[in-house]
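Peer 1: Questions regarding the structure given below will be posed in turn.
The values are calculated or read from the model by the stated rules, or taken from the named source; none is laboratory data. Because the structure is a prediction, the values reported are computed rather than measured. Positions of Cβ are backbone-derived with ideal geometry, glycine not excepted, and every protein chain shown enters the neighbour counts.
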Amino acid sequence: MEEYSAPLGEIADEFALVPAWVPEGWREIEVVRSDVNRPGLPLTGFFDHFDPLRIQIIGNIEHRYLETLDDATRRIRVENFYKTAPVCVIFSAEKPPFPEFIECAMVYSIPVFTTAKKTTQLMAAMISSLNVKLAPRITRHGVLVEVYGEGILIVGDSGVGKSETAIELVKRGHRLIADDAVEIKKVSEKTLVGSAPELIRHYVELRGIGIVDVRRIFGMGAVKLTEKIDLVVNLELWQQGKFYDRFGADTEYTDIMGINVPCITIPVKPGRNLAIILEIAAMNNRQKKMGYNTAVEFNKKLMGQMDDSAR
């Protein structure tokens, strides 16, 4: 699987990290691990399973431990730690870096930062951010829109009406995330987030008209940078004689990067208002997530009525 990275300079800016000492070109150092580490055991000399590619954070406990060591021992422990070439070291909770950390940083060219943020809060926020930045991803042909808070990925053959449906939804007050190409990131074991490649962000291609800038025509409220993918809608031309689900009792799923996403197929033919149908699909999907399935409830009523008639 392809590995993705994020420049250290971007991470430092996002979390307002203050450089205590940094080498030349530090902003271009690539971070490739989303996990963040507190090197308590490595500072005692235990390096089994230690991953230097993770960002290393020195919190209150690590700082207090280092304070208990004499200068010579601390120097040895810090130097052994730096020999592993960690990507960078951050002193959290306003703890000042020990002189040994700065001296070794200069020898091994390891960036050292400080921050006033509490250790646990910094770690949680940094892991969450890196999970998105470094998430495995794929690009799918389709359109991604937000409808009533639900992220709907519209797929189907070229020319079936995906972009036209998206524009109609935008006119009805919903938001466009991506048209034509959707970059999908797996940010957790349960969550997929879609966005548009930067080059085509906020643009829609309409046959016969050309490229349309949705943000400029409809305003900032008509677009969004990212959205979770809650439902996949497959548009296909109506095929006479083909069975289409008319009850909706069974939920179908499509696999995207190992995650099962609810999926429905909507037949397209003249006279069908696809925008309204997708609005209903979004509300119905949200209702199911909240524990109410209309088809199941209707079936219960139907069975109850049949039991009453049989008595």
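Peer 1: Taking the conditions exactly as written (assigned to a loop (DSSP other than H, G, I, E, B) and either exposed (fewer than 13 other Cβ atoms within 10 Å of the Cβ) or not charged (D, E, K, R) (or both)), does D48 satisfy them or not? Even if it seems obvious, please write down each step before you answer.
Peer 2: Values: assigned to a loop (DSSP other than H, G, I, E, B): yes; either exposed (fewer than 13 other Cβ atoms within 10 Å of the Cβ) or not charged (D, E, K, R) (or both): yes.
Yes: the conditions hold for D48.
Peer 1: I'd like to check something: does the stretch 25-40 contain any residue that is more than 24 Å from S188 (Cβ to Cβ), surrounded by 13 or more Cβ atoms within 10 Å (Cβ to Cβ) and modelled with pLDDT under 95? Reasoning before the result, please.
Peer 2: Residues of the stretch 25-40 that are more than 24 Å from S188 (Cβ to Cβ), as a first pass: 25-29, 39-40.
Now restrict to residues that are surrounded by 13 or more Cβ atoms within 10 Å (Cβ to Cβ): 26-27, 29, 39-40.
Filter again for modelled with pLDDT under 95, leaving 40.
Yes, there is a match, as at least one residue in the stretch 25-40 is more than 24 Å from S188 (Cβ to Cβ), surrounded by 13 or more Cβ atoms within 10 Å (Cβ to Cβ) and modelled with pLDDT under 95.
Peer 1: Among all residue pairs at least 6 apart or on different chains, which show Cβ distances below 6 Å where the first residue, located in the stretch 107-130, is in the same structural domain as D35 (by TED's automatic domain parsing) and the second is small (G, A, S) and surrounded by fewer than 19 Cβ atoms within 10 Å (Cβ to Cβ)?
Peer 2: V112/A20; T114/A20; K118/A93; T119/A93
Peer 1: Can you pull out the residues in the stretch 267-300 that are at pLDDT 90 or above, surrounded by 16 or more Cβ atoms within 10 Å (Cβ to Cβ) and hydrophobic (A, V, I, L, M, F, W, C)?
Peer 2: L274, A275, I277, L278, A281, A282
Peer 1: I'm checking my understanding of the structure. Among residues of the stretch 28-45 that are farther than 29 Å from T73 by Cβ and part of a strand (DSSP E or B), which one is nearest to the chain's Cα centre (by Cα)?
Peer 2: V31
Peer 1: Moving to a separate point now. Filtering the stretch 11-53 down to residues that are among the charged types (D, E, K, R) and without any contact (Cβ under 8 Å) to a residue 40 or more places away in the chain, which residue is farthest from F81 (Cα to Cα)?
Peer 2: Taking the stretch 11-53 and keeping what is among the charged types (D, E, K, R), we get 13-14, 24, 27-28, 30, 33, 35, 38, 48, 51.
Filter again for without any contact (Cβ under 8 Å) to a residue 40 or more places away in the chain, leaving 13, 24, 27-28, 30, 48, 51.
On the way: D13: 25, E24: 21, R27: 22, E28: 22, E30: 20, D48: 12, D51: 11 Å.
The qualifying residue farthest from F81 (Cα to Cα) is D13.
To keep it simple, each residue is scored yes or no on (1) in contact with a Phe, Trp or Tyr (Cβ under 8 Å, 6 or more places away or on another chain); (2) of a type outside the set (G, A, S); (3) modelled with pLDDT under 95.
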| position | (1), (2), (3) |
| --- | --- |
| A105 | yes, no, no |
| I110 | yes, yes, no |
| T115 | yes, yes, no |
| I154 | no, yes, no |
